[in-house]
Amino acid sequence: MPKLTIDGREIEVEAGTTVLQACEALGIEIPRFCYHERLSIAGNCRMCLVEQEKAPKPIASCAMPVMDNMVIHTDTPAVKKAREGVMEFLLINHPLDCPICDQGGECDLQDQAMGYGRGQSRFHENKRAVKDKYIGPLVKTIMTRCIHCTRCIRFSTEVAGIEEMGAVGRGEDMQITTYLEKAMISEMQGNVIDLCPVGALTSRPYAFSARPWELRKTETVDVMDALGSSIRVDARGTEVMRVLPRTNDDVNEEWISDKTRFACDGLRRQRLDTPYVRRDGKLKPATWNEAFAAVAARIGDLPGEKIAAIAGDLCDAESMLALKDLLTALGSGNLDCRQDGAKLDPGARASWLFNSTIAGIEEADALLLIGTNPRKEAAVLNARIRKRYLAGGFKVASIGPKVDLTYAHEDLGNDPALIGRIADGTHAFAEVLKGAKKPMIVLGMGALARPDGAAILAAAKALADACNVVQDGWNGFNVLHTAAARVGGLELGFVPAAGGRDLAGIFDAAQKGEVEAVFLLGADEIDTARLGKAFVIYQGSHGDAGAHRADVILPGAAYTEKDGTYVNLEGRAQRGRRAVLPPGEAREDWTILRALSEVLGKTLPYDSLGQLRAKLAETAPCFAAVDKLAPAAWTDFGAAAALATTPFATPIADFYLTNPIARASSTMAECSAVAAGVKSEKATGTHG
C-alpha cells in the first residue's frame, strides 16, 4: 500500500486510490465539478488542481493515482491561484441567472465561486448563448449555464445504460444534447438533475415552484416499487413539492426511478378526502359516523366466512395488521395481500425474498431471469445489475418476453419448459450456472402470477438445487416483487388462514354469493367486476378502481401522510415518516380500522402507534429489527406439477401507470404518452 504526504500529514492508502480520495480520507476538501464517486473519471473541469512536489505544473487530483513517497500540497498560493483561474474561466460564459435559477441555494457553482473564486472577472467580451434542448417532459434544459462537466453523459451511458446523451462540437462550440434532440427514454433520467452541478438541467415539473430554504424536509422510503428506495420528501405547507434520493448503499445507492421522483403531483389529484356511502345507487358524501354505521349495518350480523379482505400494493404493515386482526375478530380467514394472484408460498420465507440481497448482486457471477423485466419492475435494481455487468465476468440470460435490459443478455426464449431443461442439464446455460461461484436466479411476477405459478415456483426451486444456486453463505434464489406492500403482508401473515380463501377463492365465492362483504385496503389492481354483488368497503387515498366499485369509502392517507412500516423485497423493514397531513377528513389507515372495530364491537387491542408496532414486532421478527436483514431458511416450497405451455407475460404494461398515485399524476401521463411515441406538446424544435 503506497504512502504519501498531504499538507505535511502522512497517510497510507490502497493502491489505485486517487489523490483526491486520499485528501478526502484526511478530511481535506477538494473542490470539483466533473468528478463523482459513482461515475468514471473525466478529469475535464480542472477545479481539483493540487500541487505535487517535483511536478512541472499542478495536477488534477481526481485523475492522478497515488504513488509511494508522493508529496502533495492543497493550500499553497499556486493552488489558490490555479483554482481562481479555473473558476474565472468557468464563469466567462455562465449567465447571471442566479435569481431566477431553480438550482439557487443548491448550486455547486455558487458555493465554489464563493469559496474559491476571485470575486471579479477580467472577461469583457460577449458571452456565448446556447439554445435549450428538448430532452423530454421531466428534465428542463437551460444549456447556456452548462459547464461541460459531462456528468449527465456519463450517468446516461454508464448507470442508466442508454447512450442517448453526448457532446457535439469542440471548444466554445461544444454542446451537450440528446442525439437528434429527442426525448430521453430512461426510467432513471431524473437523476441527471441531482448530478448537474449547475442549473443547466433542472426538474421541469418543479420549475419555479419553490426555493429549497422554504421546504420542510422529511426522510422516508419510497413505495412506487418493492425496492424501498431511501428518499427525502420536501413539502411546503400541506403540499409535497418534490421527492429526492437519499444515499443508501445497501438499497438504492443514490439513485431513484423517475416514477419515484416525479409521480408526487398525483398526491394532489383525485384524492378521497371525505367518507362516502352509496345511496340509491350513487356514492354520496357522509360523516365518519354514517360511514361506520353503514358498514356495521351490513356486516355486523354476517358470519365470518362471508367476509373477506384484499390488501393493495401501497399498504403499510400497520394497516394490514390492523385489518388482519379485525377480520380474525370477525371470525374470517379470507384475506390475501397478493392482489395479482401470485402463487407465493406463505409457509416458506425463502420462497418470496430477494435472498442474495440487493448489494449481493455485485458478488454474483451469473444470472438467470425468469418471467421478469427488472428495467420496468425495479429500475434502480436493474441499474445495480448493469453495474455488476460492467465489472465483467457476469453472464446474464432471460426466459420470458424479449426485453431491453440496458446490458447484454442471452434471450433463451419464452417457454416455461426451459426451467426444467436447465435444471436437468440438457440446456447449455446449466453449465454456466453450475460453473459460477455465486449464481443467481431472479423469478418475477410474470412467472408467478399465473394459474401454474405454484408449479413454476417448485420448478425454480428444483433448478436452484440442481445448479448450486444455494450454498453455504450464499443464497442466489430471488423473487422480484412489483408491490411495496407484498413482502410486509407475507411477513405478518396477511394470507388465508386455515380453511380461508385466497384471492381466486374470494372472487369465486363473491360471484356465488358465498362472500357477501369485502374490504379493499387500497386494492385497485384487481378486476372489481369479479366481486359480484358483494358489499364493498374501500379504504384508500385515491378515487381509483376500488373506490368506483365501493359501497362505502373510508378515505385513508397516502404514504407521505402517515408514519408506516414497509418491508422491501429483501425483507428489510423500513420506516416511512409523515411529511404532510392528509387532506380533508382523511385519516391514517390503522386509526380508521381501530375506530371501526369499536363500532363493530370487536375493539382492537391497541390505542397508539407504539402499541401497534409492538404487536408487529411480536408477529414477525423483521419488524423488531428495523433496517436489518435476517436470512431465510432454505426449505421446500411450491407445488410440483406439469407446467403450462403458455408463454410468460410481462406483469407491467406501462412503467409510469402502475398504481393510483401514478395514474393520478399528469407528469406520469405525459411520460407514458412520450414512451408510447406520442410527441409532447411542449416539444417545439430545439426549445423545451
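Numbers at a glance
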quantity: Part-to-part distance (alpha-carbon centres) for the stretch 349-367 and the stretch 481-516, which is given in Å; calculated: 27 Å
quantity: Residue-level accessible surface for GLU219, protein heavy atoms, 1.4 Å, Å²; calculated: 100 Å²
quantity: Above-threshold pairs, the threshold being 28 Å between Cα atoms, out of LYS259/LYS437; LYS387/LYS615; LYS259/LYS402; calculated: LYS259/LYS437; LYS387/LYS615
quantity: Cut-off 15 Å between beta-carbons: net charge of the residues surrounding HIS548, Lys and Arg +1, Asp and Glu -1; calculated: +2
quantity: Mean Cα-pair separation over length for the stretch 435-502, i.e. relative contact order, pairs under 8 Å, 6 or more apart, %; calculated: 37 percent
quantity: Computed over the chain: relative contact order in percent, which uses C-alpha pairs under 8 Å that are six or more apart; calculated: 16 percent
quantity: Under 21 Å from the Cα of LYS434 - lysines, other chains or at least 8 residues apart; calculated: LYS395, LYS461
quantity: Cα gyration tensor shape for the stretch 562-688, rounded if a/c is under 1.5, else prolate or oblate; calculated: oblate
quantity: Tilt relative to the chain, helix 609-619 - C-alpha long axis, 0 to 90 degrees, to 10; calculated: 80 degrees
quantity: Net lengthening on full extension, VAL626/ASP249 (0.36 nm per residue, minus Cα-Cα); calculated: 134.1 nm
quantity: Helix-only [θ]222 nm of the chain, DSSP H runs n ≥ 4, -39500 (n - 2.57) each, per residue, nearest 500; calculated: -7000 deg cm²/dmol
quantity: For GLY476, residues with placed amide H under 5 Å, excluding near neighbours; calculated: VAL470, GLN471
quantity: 0 to 90° range, to nearest 10: angle between helix 77-90 axis and the chain longest Cα axis; calculated: 60 degrees
quantity: Built amide H within the under 5 Å cut-off of LEU49, gap 5+; calculated: SER61
quantity: The chain: angle of helix 589-599 to the longest principal axis, Cα-based, in degrees nearest 10; calculated: 20 degrees
quantity: For the stretch 1-60 and the stretch 556-585, distance of Cα centres in Å; calculated: 42 Å
quantity: 9 Å beta-carbon shell around TYR559, net charge (K/R +1, D/E -1); calculated: -2
quantity: Bins of 10 Å, starting at 0 and running to the largest distance - Cα pair percent for the chain; calculated: 3, 14, 22, 23, 19, 12, 5, 2, 0, 0
quantity: Listed residues HIS542, HIS148 arranged by accessible area, highest first, probe 1.4 Å; calculated: HIS148, HIS542
quantity: Whole-angstrom gap from the stretch 620-654 to the stretch 153-217, using each part's C-alpha centre; calculated: 36 Å
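The values are calculated or read from the model by the stated rules, or taken from the named source; none is laboratory data. Values in this document were obtained by computation on a predicted structure and should not be read as measured data. Please note: Cβ atoms are built from the backbone with ideal geometry, for glycine as well, and neighbour counts cover all protein chains shown. Just so you know, the surface numbers come from the protein's heavy atoms only, side chains and all, with ligands and any DNA or RNA stripped out. Shrake-Rupley method; radii C 1.70, N 1.55, O 1.52, S 1.80 Å.
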